[in-house]
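In what follows, a structure is listed as structure tokens, so that the remarks can point back to it.
The values are calculated or read from the model by the stated rules, or taken from the named source; none is laboratory data. Predicted model only: the values in this text are computed from it and were never measured. Reconstructed Cβ throughout: ideal geometry from the backbone, glycine too, with neighbour counts over all protein chains shown. We work out accessible area using only protein heavy atoms, side chains counted, and drop any ligands, DNA or RNA first. Shrake-Rupley method; radii C 1.70, N 1.55, O 1.52, S 1.80 Å.
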Amino acid sequence: QVQLVESGGGLVQPGGSLRLSCAASGITFSIYTMAWYRQAPGKERELVAGISSGETTNYADSVKGRFTISRDNAKNTVYLQMNTLKPEDTAVYYCKASYLISVRWGQGTQVTVSS
């Protein structure tokens, strides 16, 4: 059974930091491309950051220089370090695993940036 379980979300003040984690099970994690998406109320889900099996990374322009995606294949976990958070980063953050036609999503974790 494939599972992606996100954690680390919460309420943070503008300028603060959070680290999201996504623990995977039931897949050969190291061969999967992993990504973080987010969806704010009334908006479409958008790509935040991705990391390939070879650890090539890509980022949305809105988070470049503030967010860092990384993976630990020994722990079957992908991370999203989020610094200098802004109110517009408020959203539900989802973890996605993809390999060829296989795509899996986590259940999401809420991130709220507010004073």
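What to note about this one:
- Residue in segment 80-89 that is in a strand (DSSP E or B), more than 18 Å from Gly8 (Cα to Cα), touching a strand residue (DSSP E or B) at 6+ places or on another chain (Cβ under 9 Å) and open to solvent by 50 Å² or more (accessible area, probe 1.4 Å) present: no
- Every condition in (1) within 25 Å of Tyr99 (Cβ to Cβ); (2) surrounded by fewer than 18 Cβ atoms within 10 Å (Cβ to Cβ); (3) of a type in the set (S, T, N, Q); (4) at pLDDT 95 or above holds for Asn76 except the one numbered (2).
- Only one entry in Ile27, Ile31 is touching a residue at least 60 places away in the same chain (Cβ under 8 Å), hydrophobic (A, V, I, L, M, F, W, C) and either over 18 Å from Glu6 (Cβ atoms) or surrounded by fewer than 15 Cβ atoms within 10 Å (Cβ to Cβ) (or both), namely Ile31.
- Residue check for Pro14: more than 17 Å from Gly106 (Cα to Cα) and touching a residue at least 60 places away in the same chain (Cβ under 8 Å): yes
- Counting the residues of segment 31-69 that are closer than 18 Å to Leu85 by Cα and at pLDDT 95 or above gives 20.
- Some residue of segment 5-19 being under 18 Å from Ser102 (Cβ atoms) and either modelled with pLDDT under 95 or of a type in the set (Gly, Ala, Ser) (or both): no
- Looking at Val12, Val111, Val92, Val2, just one residue is surrounded by 14 or more Cβ atoms within 10 Å (Cβ to Cβ) and out of contact with any Leu (no Cβ under 9 Å at 6 or more places or on another chain), and that residue is Val92.
- Residue, farthest from the chain's Cα centre (by Cα), within segment 61-91, restricted to residues that are of a type in the set (A, V, I, L, M, F, W, C) and over 19 Å from Trp105 (Cα atoms): Ala74
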